[in-house]
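J.: Can you read through this structure? Questions will come right after.
FYI, it's all coordinate maths here, none of it is from the lab. What you are looking at is a predicted structure, and each value in this text was computed from that prediction instead of being measured. Reconstructed Cβ throughout: ideal geometry from the backbone, glycine too, with neighbour counts over all protein chains shown.
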Amino acid sequence: MSIDQPIRISLEQDGDYAFRIGFDDTALAPLLGDEPAPLGHDRGPNPSRLLLAAVANCMAASLLFALRKFRNAPGPLKASIRAQPERNADGRWRLTGAQVELQLADPAADYQQLPRILEQFEEFCVVTQSVRAGIDVQVVVKDGSGALVHDSRAGAGA
């Protein structure tokens, strides 16, 4: 799959709040996502954890790419991310910020062009920059017969 191709993901409910997440157009096995108790049963990561994992993974990959672009041969990178869910003004849970920590395997002096790399690597992270800028997510809902019952572009309903 090329970076400029549409990304397709499909989900199918697998009990309560658990969903099998399929990565269409790949040979990857579906991943089980689930909400923590009391809604779900913690059988897999919930959407907030998946989002944070995507941000941290993308940041680490962007740093690795930038290091290699300048002919560095870095040892294994480590990444961690932390976010504290908070209630917004309407009392709904939101992730209002996240802190990513990336750890290089070697001392800074061992890397060529490190200041330049650190100045620009974040700009190449598709996920983090998309989240930072905001993503226009449009939602449609269809009933069991395929009839459109909701379209977020049309306001409250279809």
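J.: Projected onto the charge dipole of the stretch 46-154 (+1 at Lys/Arg Cβ, -1 at Asp/Glu Cβ, origin at the Cα centre), which of Leu148, Cys125, Ala53 gives the Cα projection farthest towards the positive end?
T.: Checking the options against the dipole of the stretch 46-154, the answer is Ala53.
J.: I'd like the FRET efficiency for Asp42 and Arg71, computed as 1/(1 + (r/R0)^6) with the beta carbon distance as r and R0 of 30 Å, rounded to 0.05.
T.: Efficiency computed from Cβ-Cβ geometry: 0.10.
J.: Sticking with this structure for a sec: Placing unit charges on C-beta atoms (Lys and Arg positive, Asp and Glu negative, everything else neutral), compute the dipole magnitude of the chain about its Cα centre in debye, rounded to 20. Display every interim value, and only then the final one.
T.: Numbers: 16 positive and 20 negative charges, 72 e Å.
So the magnitude is around 340 debye.
J.: Something else about it: Could you give the spread of the C-alpha atoms of the stretch 46-154 along their three principal axes, from largest to smallest, in whole angstroms?
T.: Principal-axis extents of the Cα atoms in the stretch 46-154, largest first: 60, 30, 21 Å.
J.: I've got another one for you. May I ask you to derive the FRET efficiency for Leu28 and Gln113 from their Cβ-Cβ distance with R0 = 35 Å, giving the value to the nearest 0.05? The partial results should precede the final answer.
T.: On the way: r = 34 Å, r/R0 = 0.98.
That gives a FRET efficiency of 0.55.
J.: Could you work out the helix-only [θ] at 222 nm for the chain, with each DSSP H run of four or more residues adding -39,500 (n - 2.57) and the total divided by the number of residues, to the nearest 500 deg cm²/dmol?
T.: Details: 3 runs with 38 residues, N = 158.
Using -39500 (n - 2.57) per qualifying helix, the result is -7500 deg cm²/dmol.
J.: What FRET efficiency comes out for the pair Ala154/Gln13, r = Cβ-Cβ distance, R0 = 25 Å, nearest 0.05?
T.: Numbers: r = 26 Å, r/R0 = 1.03.
About 0.45, to the nearest 0.05.
J.: Additional query: By how many degrees, 0 to 90 and rounded to 10, does the Cα axis of helix 47-69 deviate from the longest principal axis of the chain?
T.: 30 degrees
J.: Let me ask something additional. Rounded to whole Å and sorted largest first, list the principal axis extents of the Cα atoms in the stretch 111-158.
T.: Principal-axis extents of the Cα atoms in the stretch 111-158, largest first: 59, 20, 7 Å.
J.: Quote to one decimal, in nm, the extra length available between Leu50 and Leu95 on full extension: 0.36 nm per residue of separation minus the C-alpha distance between them.
T.: Numbers: separation 45, 0.36 × 45 = 16.20 nm, distance 1.23 nm.
Working it through step by step, the gained length comes to 15.0 nm.
J.: Now for a separate question. Which order results if Ser48, Ser62, Ser145, Ser10 are arranged by neighbouring Cβ count within 10 Å, fewest first?
T.: Values: Ser48 16, Ser62 22, Ser145 6, Ser10 11.
Final ranking by Cβ density, sparse to dense: Ser145, Ser10, Ser48, Ser62.
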